[in-house]
1. Listing SER14, SER42 from the residue with the fewest other Cβ atoms within 10 Å to the one with the most, what is the order?
2. What's the extension gain from VAL68 to ASP29 if we count 0.36 nm per residue and subtract their Cα-Cα distance?
3. What full-extension length gain, to one decimal in nm, is calculated for LEU19 and ALA46 as 0.36 nm per residue of separation minus the Cα-Cα distance?
4. If we count trypsin sites (Lys or Arg not before Pro) as exposed when they sit in a DSSP loop and have at most 14 other beta carbons within 10 Å, what is the longest stretch of the chain that avoids them all?
5. Over the Cα atoms of the chain, what Rg and Dmax result, in angstrom?
6. Can you tell me the 0 to 90 degree angle between the C-alpha axis of helix 30-39 and the longest principal axis of the chain, rounded to 10?
Amino acid sequence: MAFEADRIDDAFSSGWSVLVRGQARIVTDPEQIRRLDAEAFSAPWAGGRRDLWVRVEPRTVTGRRIAV
């Protein structure tokens, strides 16, 4: 699985990009699910409820900074 996170600041023409590649696994342990639900710092941008947590066991992590 690959997971990418990006941030672009148009005002300063800068940003960053990080790519994590690895094995994806569904979190099934009820205690881990409760902890993840309690500690989530964001909500889905499309709204609605999400009942599935997926953990990525990273094999590689790469990234870059974008600057003028």
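1. On the way: SER14 13, SER42 5.
Ascending number of Cβ neighbours within 10 Å: SER42, SER14.
2. On the way: separation 39, 0.36 × 39 = 14.04 nm, distance 4.52 nm.
Working it through step by step, the gained length comes to 9.5 nm.
3. On the way: separation 27, 0.36 × 27 = 9.72 nm, distance 2.20 nm.
Result: 7.5 nm gained on full extension.
4. On the way: sites that count: ARG49, ARG50.
Formally, the longest exposed-site-free interval is 1-48.
5. 15.2, 46
6. Rounded to the nearest ten degrees, it is 40.
Laboratory data are not the source of any read-out in this text; all were calculated from the coordinates shown. These numbers come from a predicted model, not from an experiment. Note: ideal-geometry Cβ built from the backbone for every residue, glycine included; neighbour counts use all protein chains shown.
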